[in-house]
Amino acid sequence: MYFYKASMNKKNKIAIITARGGSKRIPNKNLKLFLGHPIIKYSIDAAIKSKCFDEIMVSTDCKDIANIAKSLGASVPFYRSEANSNDFATINSTLCEVLAKHKEMGKIFELCCCIFPAAPFITAQNLKNGMDTLIKHNAYSTFPVTKYSYPVQRALKIENNLLKMLYPENNEKRSQDFDPTYHDTGQFYWLDVKQFIKERKIFSDKTVPIIIPEIEAQDIDNEEDWQIAESKFKILRDLGRL
């Protein structure tokens, strides 16, 4: 188990890396090699390098994931319950379970960071920025977002094999006239534990964004996504940004 001094404050902080087994779309996704390393290694390494956390743990139901996680420097103090290991389990219920079990063990955390295991673009610096932002703004939560490359206000849908505008009122408007929109990058969520336990949700009206470039994010849901992510990672690595 790893313990670190907080870089900015004395609040107790835990990193919870959520790595359930049994991935359907990409088999054994959380241990699949990403440019030669189990993909979960990137999340664990970033958490360790950030020096933000008093504990860095992996929440899993899988012994193989647990063994790899421990070999990489994370702790696995207990296994995830069956109720939070099926396809219908939510991030919220998993985090609440982890925090409750730690409380039973006599460990109380004031801040937690939910880190995804298949997030190779995560960096120690962004984790630090997230913590600093949460504290500075006394926020409920904070997480990285990136801008949509095209205005969602001009989105299209298909009905009966014909294209329709999702928002027909925007048909004559120019792209540059729309406010930018953003989406979650699926890397991590910093949360104020007391507020989260009360509300049991990630997003609130006190959520503050961390804006990152589009190239530093990639959804990885299938093999094509995986290949794109590896290509983007190589570019960023060659540029010295990873």
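The values are calculated or read from the model by the stated rules, or taken from the named source; none is laboratory data. Note that this is a predicted model, so its numbers are computed, not measured. Using ideal geometry, Cβ is built from the backbone for each residue, glycine included, and neighbour counts are taken over all protein chains shown.
Okay, here's what the table says:
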{"read-out": "In the stretch 179-200, the residues that are surrounded by fewer than 20 Cβ atoms within 10 Å (Cβ to Cβ) and touching a helix residue (DSSP H, G or I) at 6+ places or on another chain (Cβ under 6 Å)", "value": "T181, R200"}
{"read-out": "Qualifying residue in the stretch 77-94 (condition: within 18 Å of T142 (Cα to Cα), in a loop (DSSP other than H, G, I, E, B) and at pLDDT 95 or above)", "value": "no"}
{"read-out": "Single residue of the stretch 46-82 satisfying the filter (of a type in the set (K, R) and farther than 16 Å from L127 by Cβ) that is surrounded by the fewest Cβ atoms within 10 Å (Cβ to Cβ)", "value": "K63"}
{"read-out": "Number of the exception - G106 against (1) surrounded by fewer than 18 Cβ atoms within 10 Å (Cβ to Cβ); (2) assigned to a helix (DSSP H, G or I)", "value": "(2)"}
{"read-out": "Hey, I68 at pLDDT 95 or above, among the hydrophobic types (A, V, I, L, M, F, W, C) and more than 18 Å from the chain's Cα centre (by Cα) or not", "value": "yes"}
{"read-out": "Residue ID - nearest to F53 (Cα to Cα), chosen from residues in the stretch 83-98 that are of a type in the set (A, V, I, L, M, F, W, C) and surrounded by fewer than 20 Cβ atoms within 10 Å (Cβ to Cβ)", "value": "C96"}
{"read-out": "Any hit, the stretch 20-27, residues being touching a strand residue (DSSP E or B) at 6+ places or on another chain (Cβ under 6 Å), crowded, with 20+ Cβ neighbours inside 10 Å and not polar (S, T, N, Q)", "value": "no"}
{"read-out": "Qualifying residue in the stretch 223-235 (condition: polar (S, T, N, Q) and not in a helix (DSSP H, G or I))", "value": "no"}
{"read-out": "Strands (runs of 3 or more DSSP E) contained entirely in the stretch 115-210, each with at least 3 residues that are under 16 Å from the mean Cα position of the chain (by Cα) and in contact (Cβ under 8 Å) with a residue 60 or more places away in the chain", "value": "141-147, 188-192"}
{"read-out": "Residues satisfying the stated conditions in the stretch 134-175, i.e. buried (at least 17 other Cβ atoms within 10 Å of the Cβ) and of a type in the set (V, I, T)", "value": "I135, T142, V145, T146"}
{"read-out": "Residue match in the stretch 58-74 (condition: touching a Lys or Arg at 6+ places or on another chain (Cβ under 6 Å), over 18 Å from L111 (Cα atoms), outside any strand (DSSP E or B) and among the hydrophobic types (A, V, I, L, M, F, W, C))", "value": "yes"}
{"read-out": "Verdict on L242 being surrounded by 14 or more Cβ atoms within 10 Å (Cβ to Cβ), part of a loop (DSSP other than H, G, I, E, B) and aliphatic (A, V, I, L, M)", "value": "yes"}
